[in-house]
Amino acid sequence: MNDTNMGKSELGLLMNESHLPDQTVIDAYGDGGFRFSDMSHKGSLMCLPSGIYGWDVEHFSDLDADHFKRALDEQEMELLLIGTGQDLIPVPEKLRQKFMARNIRVEPMSTGAAVRTYNILLAEKRSIGAAFLAVE
């Protein structure tokens, strides 16, 4: 685990259709998941003003606009950070244009950098979202 050591937890949150209806900081990431609000989640994660959702994506190359439907439907979001895994991968122009049409800026960065940036901007009470690909 990076940042705070996530370790093995008895608390697990299966987040396919359910979600945490609140935004909260990400306490740790790595080992294929995330830790937040005394819960852990294996797999990728989408954190939006409407809440935190499990995100069924493993590789950035698998992404298309359908994977971002929930983010595109958000009413109050000025910026979406995209944690692209271990490395920075540019967002395809076609996808970037879909977000621009909704007045949402998109910033790709490695998942670690995206988690740290998300936590800072959330503390500043900015209207942000993030889509994090899980990393080992």
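The values are calculated or read from the model by the stated rules, or taken from the named source; none is laboratory data. No experiment lies behind these values; they were computed from the predicted model shown. For neighbour counting, all protein chains shown are included, and Cβ atoms are generated from backbone atoms with ideal geometry for every residue, glycine included. Heads up: the accessible areas ignore ligands, DNA and RNA and are worked out on the full protein's heavy atoms, side chains in. Shrake-Rupley method; radii C 1.70, N 1.55, O 1.52, S 1.80 Å.
Brief remarks on what is shown
- Listed candidates [x] 43; [y] 71; [z] 59 - label of the one calculated as percent of Cα pairs over 19 Å apart: [x]
- Separation in nanometres of the label points that stand 7 Å from Cα toward Cβ, at Leu88 and Asp62: 2.5
- Carbon and sulfur %, accessible surface of the chain computed with the full protein complex present, 1.4 Å: 48
- Scanning residues 5 or more positions from Leu79 or on other chains, those with amide H under 5 Å from its amide H are Arg105, Gly129, with H placed 1.01 Å from N in the peptide plane.
- The chain: calculated mean residue ellipticity at 222 nm from DSSP helix runs of at least 4, using -39500 (n - 2.57): -5500 deg cm²/dmol
- Pairs of lysines in the chain whose Cα atoms sit within less than 24 Å of one another amount to 5, provided the residues are eight or more positions apart or on different chains.
- Taking amide H as placed 1.01 Å from N in the peptide plane, the amide H of Gly30 sits under 5 Å from that of Asn2, Val135, each at least 5 places away or on another chain.
- Positive-pole candidate from Thr111, Leu80, Leu95, dipole of the range 70-118, charges at beta carbon: Leu95
- Rounded to 5, the percent of DSSP beta bridges in the chain classed as antiparallel: 65
- Angle in degrees between helix 111-123 and the longest Cα principal axis of the chain, rounded to the nearest 10: 80
- Tensor-based shape of the range 76-127 (alpha-carbon gyration tensor, a/c under 1.5 rounded, otherwise prolate or oblate): oblate
- Using the 1.4 Å probe convention, the accessible area of the range 9-136 works out to 52 Å² per residue with neighbouring protein chains retained.
- Accessible area (Å², 1.4 Å probe, nearest 10) - Ile89: 60
- For Ser37, distant residues with modelled amide H under 5 Å away: Asp27
- Phi angles across the range 127-133 convert, under the Karplus curve 6.51 cos²θ - 1.76 cosθ + 1.60 with θ = phi - 60°, into 3J(HN,Hα) values of 8, 10, x, 8, 10, 10, 7 Hz, Gly and Pro given as x.
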